[in-house]
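Let me begin by presenting the structure, written as structure tokens, before commenting on it.
The values are calculated or read from the model by the stated rules, or taken from the named source; none is laboratory data. All figures in this text were calculated on a predicted structure; none of them were measured in a lab. No Cβ is skipped: glycine too gets one built from the backbone with ideal geometry, and neighbour counts run over all protein chains shown.
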Amino acid sequence: MRRASDFRNLTRRERRRLLLRAVLRPLVTVFLCTVVYFALPWTSLGEVSALFFLAGGLLVVALVAGWQIWRIVESDVPALQAIEALALILPLYLLGFSAGYCLMSETDPGYFTEPLTRMGALYFSLTIFSTVGFGDIAATTDPSR
């Protein structure tokens, strides 16, 4: 594991390469997660309950978080690896909830004040998790809350 002093001892080219990787990999990760969210052909939960979908999504996030923690511990530059980890875990978490909300709305439109599209579900998720409030979309039943 490198210390901060080791980073200062790197050549300018090595530092630039590390920083470029630390910026590009999270951007590509967020982009790919978003593309997968909008491109996957899911339309309803079918026989799977929202609780099982939520539990499965949280399990995936927990496994990815554990893997990222291991990568941080093993990394030569843990601070940069931590940035990459956040750039993977946070979108995965938010997009998972967005998918769940969208699937719940598809299964029973009465869960929300209006039917949610994928973009509407993403907006709803970001609004809830950022705690800035909302007024145009609201959860109306216990499972959607």
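For Val73, indicate whether it is of a type in the set (Val, Ile, Thr), modelled with pLDDT of 90 or more and over 13 Å from the mean Cα position of the chain (by Cα). For Val73, the condition - of a type in the set (Val, Ile, Thr), modelled with pLDDT of 90 or more and over 13 Å from the mean Cα position of the chain (by Cα) - is met.
Within segment 108-128, the set of residues being hydrophobic (A, V, I, L, M, F, W, C) and assigned to a loop (DSSP other than H, G, I, E, B) comprises just one member, Leu116.
No other residue among Leu54, Leu59, Leu80 is farther than 30 Å from Asn9 by Cβ and in contact (Cβ under 8 Å) with a residue 40 or more places away in the chain apart from Leu54.
Just name the residue that is nearest to Arg118 (Cα to Cα) out of those in segment 69-99 that are among the small types (Gly, Ala, Ser) and out of contact with any helix residue (DSSP H, G or I) (no Cβ under 6 Å at 6 or more places or on another chain). Working first, answer last.
Of segment 69-99, the ones among the small types (Gly, Ala, Ser) are 75, 79, 82, 85, 87, 96, 98-99.
Subsequent filtering for residues that are out of contact with any helix residue (DSSP H, G or I) (no Cβ under 6 Å at 6 or more places or on another chain) retains 79, 99.
Details: Ala79: 33, Ala99: 7 Å.
Checked segment 69-99; the qualifying residue nearest to Arg118 (Cα to Cα) is Ala99.
Those residues that are touching a Gly at 6+ places or on another chain (Cβ under 8 Å) and either of a type in the set (Gly, Ala, Ser) or modelled with pLDDT of 85 or more (or both), I need them from segment 1-60; list them, please. Reasoning before the result, please.
Here is the first cut: in segment 1-60, the ones touching a Gly at 6+ places or on another chain (Cβ under 8 Å) are 50, 53-54, 57-58, 60.
Matches in segment 1-60: Ala50, Gly57, Leu58, Val60.
For segment 4-92, please list each of the helices (runs of 4 or more DSSP H) lying entirely inside it that holds at least 2 residues being surrounded by 11 or more Cβ atoms within 10 Å (Cβ to Cβ) and in contact with a Pro (Cβ under 9 Å, 6 or more places away or on another chain). Filter on segment 4-92 gives 12-39, 50-74.
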